[in-house]
Structure formats: C-alpha cells, structure tokens
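Encoded as structure tokens, the structure appears first; notes follow it.
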Amino acid sequence: MATRFMPEWVLGFTCAYISLRFVNGTIPLQAFANKYSKPLSEKYADASSKKLMGISQDMLYFLATFESSNHMAIVESYMFNSLNFTKKGRKRKIKTLFGSALDAQKQATPQEASIRRFKNFVFQLRADSRYNVPGGWNLKEEQGIDWLLNIYEQNVRTMDGF
C-alpha cells in the first residue's frame, strides 16, 4: 500500500487551528499538536506531532514579526480561505463525485512549503481586505468537514503535551 499524505490545505488549516486554540487558551501548544496528531495519523502518514508543532510555532513566530490589532483574525482568515478556496482562488469542493478534498495525497507537504503558503496569504491579506474572514463566520457551521471537526473538538488537557 502506498504511503498517503495530508493535503496541503488540511495541514495548514490544522496548524492554524492549533495556533488559534493555543493563543486563546491556557494549554501548551504541544498538547494540541499531540492530541490532533493521533487521529490524523490514522489517515495520513505525515501527521506527526513534531510537524504540526513546528508549523504552528512558525506561524506564530511570523505573526509576531509585525504589528496588527488582531493577529488571530489573520489566522481565522487563513483558515476560512484555506477551507473554502484552492490555491488558484477557485471555490473548494470538499466532496466530489469521485472523492473528497480530505483524501490523502501521494506527496508530503514539506514544513517550509506550508509556512511559505501562510506567509504569502498574510501578505495578500494585508494588501487586499477581500481575503478577510466574513463577519459571523463559524467553523462549526462548515459543511463536509465533520471528520476534522470531531478531531478539533476533542477535549485537550495540559497532560496531552507530555
């Protein structure tokens, strides 16, 4: 059986969500990476907590390099756009006739490529406000990503970081 890897958008989306939960909570970043890595690893070979942690940290480090009134709004905008649009700006279809946007890919996304995509998005967002997350957007209301939402809604404890 061929090794299957996490789609680039799922990797970036998950790491952005980890960053968001970390900043808005009191639990270590490692706890979120460890907790989400386990169920993701059942479907994707490259869903290690080390990779999730590294990308999430790099996102947060990058955000810390510039002034913003709300860094987490940037992260939410990235999540919204990653979920709803492809790299080429087309509307993403989660479920299609022959598969799903959540299906594993044949190639792994390197950590550097994921960070580069995030940085590019941030620069796009700062230049053009149409990439902002729409007011009232709620991740829990998104269709077709129930499997991911179940992972994200797990109870994460400080002990998960060890």
Report summary line: Exception for Phe22 within (1) in a helix (DSSP H, G or I); (2) touching a residue at least 40 places away in the same chain (Cβ under 8 Å) falls at (2)
Report summary line: Residues of the stretch 118-162 being aliphatic (A, V, I, L, M), closer than 16 Å to His71 by Cα and in contact (Cβ under 8 Å) with a residue 24 or more places away in the chain, in sequence order, are Val122, Leu125, Val133
Requested in this report: State yes or no: is Arg126 surrounded by 10 or more Cβ atoms within 10 Å (Cβ to Cβ), under 16 Å from Tyr17 (Cβ atoms) and basic (Lys, Arg)?
Outcome: no
Query - All positions within the stretch 54-75 that are crowded, with 21+ Cβ neighbours inside 10 Å and either among the aromatic types (Phe, Trp, Tyr) or under 20 Å from Asp160 (Cα atoms) (or both) - result: Ile55, Ser56
Report summary line: Across the stretch 82-113, the tally of residues that are touching a helix residue (DSSP H, G or I) at 6+ places or on another chain (Cβ under 6 Å), within 16 Å of Thr14 (Cα to Cα) and part of a loop (DSSP other than H, G, I, E, B) stands at 1
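Can you confirm whether Lys38 is assigned to a helix (DSSP H, G or I), closer than 20 Å to Phe162 by Cβ and either touching a Pro at 6+ places or on another chain (Cβ under 8 Å) or of a type outside the set (Ser, Thr, Tyr) (or both)?
Details: assigned to a helix (DSSP H, G or I): yes; closer than 20 Å to Phe162 by Cβ: yes; either touching a Pro at 6+ places or on another chain (Cβ under 8 Å) or of a type outside the set (Ser, Thr, Tyr) (or both): yes.
Taking the combined requirement at face value, the residue satisfies it.
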Requested in this report: Identify all residues within the stretch 98-117 that are among the hydrophobic types (A, V, I, L, M, F, W, C), touching a residue at least 40 places away in the same chain (Cβ under 8 Å) and over 19 Å from Ser48 (Cα atoms); write none if there are none.
Outcome: Ala101
Query raised in the report: Taking Lys87 and the conditions (1) surrounded by fewer than 18 Cβ atoms within 10 Å (Cβ to Cβ); (2) touching a residue at least 12 places away in the same chain (Cβ under 8 Å); (3) more than 24 Å from Glu141 (Cα to Cα), which numbered condition does it fall short on, given that it satisfies the others?
Result: (3)
Query raised in the report: Do we have any residue at all in the stretch 8-17 that's more than 23 Å from Asn155 (Cβ to Cβ) and either of a type in the set (Asp, Glu) or over 11 Å from the mean Cα position of the chain (by Cα) (or both)?
Result: yes
Query raised in the report: With (1) over 15 Å from the mean Cα position of the chain (by Cα); (2) part of a helix (DSSP H, G or I) as the list, and Ala33 as the residue in question, which single condition is left unmet?
Result: (1)
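A short reminder: the numbers here are calculations on the coordinates, not readings from a lab. All values reported here derive from a predicted model rather than from experimental measurement. In this analysis, Cβ positions are derived from the backbone assuming ideal geometry, glycine residues included, and neighbour counts consider all displayed protein chains.
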